[in-house]
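> Mind looking over this structure? Questions follow.
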Amino acid sequence: MSFIADRLGRISPSQTIAISTKARALKAAGRDIISLSAGEPDFDTPPNIKAAAIRAIEAGETKYTDVAGTQALRAAIAAKFRADSGLEYKPEEIIVGTGGKQVIYNAMVATLNPGDEAIIPTPCWVSYPDIVALADGTPVPVPCSQNSGFKLRAEDLEQAITARTKWFFLNSPCNPTGAAYSAEELRPICEVLLRHPNVWIFTDDIYEKLAYDGFRPATIAAVEPRLKSRTVTMNGCSKAYAMTGWRIGYAGAPRELIKAMDTLQSQSTSNPSSISQAAALEALSGPQESIAAMVKVYQERRDLVVAMLNAAPGIACHKPEGAFYVYPAIHGCLGKKTRTGTAIESDEVFVTALLEEEGVAAVHGAAFLYPGYIRISYATSTEALREACTRIQRFCQGLS
């Protein structure tokens with residue numbers, strides 16, 4: 001009998017973290033490595049946010065808070081939802097977690113029973129299916145092709161719903177594709193969900209403010225208010241405010257579910273860091289100019305990367321609406337060999353060979369339940385991106 005619980009056999013370590021770890025190891029060994037694998041802004045946390053954290057420490061705000069977050073932070077989150085999406089949440093309908101991942105975990109563990117299904121459009125963030133599986137649920141992937149901009153079609157959602165469906169996930173803008181939905185694009189999806197009153201909706205909007213060319217991502221509860229009573233609207237500070245290490249995610253949802261998530265959190269981590277909460281309060285209620293500055297740079301990087309990847313033989317790269325990823329197809333590279341004789345039989349072999357031969361770290365598409373593609377993060381310096389894309393072009397030119 002194994003000492004390790006059977007439930008851990010349902011999941012695997014994050015493959016994006018695994019690639020980043022391997023890249024760091026090669027760099028530590030003296031290799032010239034450019035890592036495009038991590039989903040983390042390369043910008044520093046804005047000074048006003050760091051200053052707020054320092055003030056909180058000096059003021060002695062270092063004690064336990066309410067499990068669901070301080071009243072001040074939850075009020076600021078409610079104001080953010082109201083201002084950005086027209087969504088009305090009371091503080092008791094909001095929970096703050098140690099990152100968005102904990103919010104997702106809490107919601108799934110609090111609601112899923114064995115056999116319950118969760119529909120997840122793919123390509124998807126690597127943690128969704130594992131969290132569902134760890135919570136005794138069954139992930140149901142629904143492919144979204146590049147031909148539709150990696151966006152879910154209403155008819156495909158309708159077909160995937162069964163009597164066991166409890167959750168539907170939507171991540172917009174999406175990790176790994178950068179695809180984002182307008183209100184018009186969400187309306188047919190909302191119509192399907194209205195026909196299935198037993199299906200709850202989990203919307204992950206954490207990249208919401210990272211959108212380009214004037215695009216405004218929409219969120220389901222705002223597009224269709226009749227769905228708000230069974231929707232979790234999740235967001236966080238990690239991406240828009242370059243606060244990944246501060247670990248603050250949050251969500252608005254019906255009070256009964258928030259209470260269940262609060263109970264679960266009270267017996268796992270309790271409250272998020274009091275200092276991080278003070279920083280998050282400043283992030284949400286203080287100056288917002290830093291976001292526009294980051295978005296401007298990200299858009300320039302996106303355009304550079306898309307153009308350079310589309311100039312690489314065998315690669316076809318779709319231009320995304322948001323986030324800081326591109327998800328190029330590598331079908332034209334499969335079945336070929338590298339200069340050193342490695343046969344490119346899959347996207348995983350492609351990224352491994354690219355790392356070993358050219359020192360560029362990317363993530364294979366199979367990690368996101370959508371093989372034949374790779375994910376590249378452009379949340380790194382423009383100079384590094386230009387050099388990395390030059391190396392990718394050289395790698396592809398060497399395939400035969």
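The values are calculated or read from the model by the stated rules, or taken from the named source; none is laboratory data. These numbers were taken from a predicted model, which means no experiment stands behind them. Neighbour counts are summed over all protein chains in view; Cβ atoms, including those assigned to glycine, are modelled from backbone coordinates with ideal geometry. The protein model used for the area step is the full one, side chains on, heavy atoms only, and it has no ligands, DNA or RNA in it. Shrake-Rupley method; radii C 1.70, N 1.55, O 1.52, S 1.80 Å.
> Report for the chain the percent antiparallel among DSSP-assigned beta bridges with both residues inside it, nearest 5.
Details: 16 of 36 bridges.
Around 45 percent of the beta bridges assigned by DSSP in the chain are antiparallel ones.
> Relative contact order of the range 265-400, please, whole-number percent, based on alpha carbon pairs below 8 angstrom and at least 6 residues apart.
Values: 178 pairs, mean separation 33.3, N = 136.
Computed over the range 265-400, the figure is 24 percent.
> Which of the listed residues, C237, M261, V192, is farthest toward the dipole's positive end in the range 172-273, when Lys, Arg count +1 and Asp, Glu count -1 at the beta-carbon?
The Cα lying farthest towards the positive end belongs to M261.
> Given bins 20 angstrom wide, list per bin the percent of all Cα-Cα distances in the chain, short to long.
Pairs per bin, as whole percents: 27, 58, 15, 0.
> Another question, then. Rounded to the nearest 0.05, what FRET efficiency do E357 and S12 have when you use their Cβ-Cβ distance and R0 = 25 Å?
Numbers: r = 26 Å, r/R0 = 1.03.
My answer for the efficiency is 0.45.
> What nm value, rounded to one decimal, do you get for the distance between N310 and A5 when each label is placed 7 Å out toward the C-beta?
Simple spin-label model gives 4.8 nm for this pair.
> Next up: In the structure shown, do any of K27/K63; K22/K166; K239/K259 have a Cα-Cα gap over 31 Å, and if so which?
In this structure, K27/K63; K22/K166 exceed 31 Å between Cα atoms.
> If you fit an axis through the alpha-carbon atoms of helix 274-285 and take the longest principal axis of the Cα set of the chain, what angle between them do you get, 0 to 90°, nearest 10?
Around 80 degrees separate the two axes.
> Okay, moving on. Considering all projection directions equally, how large on average is the shadow of the alpha-carbon convex hull of the range 156-297, in square nanometres? Working shown, then result.
Values: hull surface 40.2 nm².
So the mean shadow area of the Cα hull is 10.1 nm².
> Could you compute the net charge surrounding R24? Neighbours are other residues with a C-beta less than 14 Å from the C-beta of R24; K and R count +1, D and E count -1.
Around R24, the surrounding residues sum to +1.
> May I ask you to evaluate 6.51 cos²θ - 1.76 cosθ + 1.60, the Karplus curve with θ = phi - 60°, for each residue of the range 231-245 and list the ³J(HN,Hα) values in order in whole Hz, giving x for glycine and proline?
Those phi angles translate into 10, 9, 9, 9, 8, x, 9, 4, 8, 5, 10, 6, 10, 4, x Hz.
> Arranged from highest to lowest average of other beta-carbon atoms within 10 Å per residue, in what order do the peptides 357-369, 78-90 appear?
Working: 357-369: 23.1, 78-90: 16.3.
Descending packing order for the listed peptides: 357-369, 78-90.
> Sticking with this one: Ranked highest first by average number of other Cβ atoms within 10 Å, how do 326-337, 94-105 line up?
Details: 326-337: 19.2, 94-105: 24.2.
Per-residue Cβ counts within 10 Å, averaged per peptide and sorted highest first, yield 94-105, 326-337.
> Oh, and also: Taking the Cα centroid of the range 1-45 and of the range 146-225, what is the distance between the two, rounded to the nearest whole Å?
Cα centres, the range 1-45 to the range 146-225: 28 Å.
> Would you list which aspartates and glutamates come within 19 Å of K151, measuring only between C-alpha atoms, while excluding same-chain residues fewer than 8 positions from it?
In chain and number order, the partners are E184, E185, E191, D204, D205, E208, D213, E224, E321.
> Next question. If you look at just the Cα atoms of the range 125-167, how large are its Rg and its Dmax in Å?
11.8, 33
> Treating the angle as unsigned and between 0 and 90°, give the value, to the nearest 10°, between the Cα long axis of helix 47-58 and the longest Cα principal axis of the chain.
The answer is roughly 50 degrees.
> Can you give the relative contact order of the chain as a percent, counting alpha carbon pairs under 8 Å and 6+ residues apart? Before the final figure, lay out each step's value.
Numbers: 787 pairs, mean separation 87.9, N = 400.
The normalised contact order for the chain reaches 22 percent.
> As a test of the formula, what do you get for the chain when each DSSP H run with n ≥ 4 contributes -39,500 (n - 2.57) and the sum is divided by the residue count, at 222 nm and rounded to the nearest 500 deg cm²/dmol?
-12500 deg cm²/dmol
> Okay, moving on. Can you tell me which aspartates and glutamates have their Cα less than 13 Å from the Cα of K90? Leave out same-chain residues fewer than eight positions away.
Answer for K90, where 13 Å is the Cα cut-off: E256, listed by chain and number.
> Ok, one more. Using only Cα atoms and rounding to the nearest 10 degrees, what angle (0 to 90) does helix 71-85 make with the longest principal axis of the chain?
Here the helix axis deviates by roughly 60 degrees.
> Still on this structure: With all protein chains present, how much of the accessible area of the chain (probe radius 1.4 Å) comes from carbon and sulfur, to the nearest whole percent? Show your work: numbers first, answer last.
Numbers: 8840 of 16640 Å².
Solvent-exposed carbon and sulfur of the chain make up 53 percent of the total.
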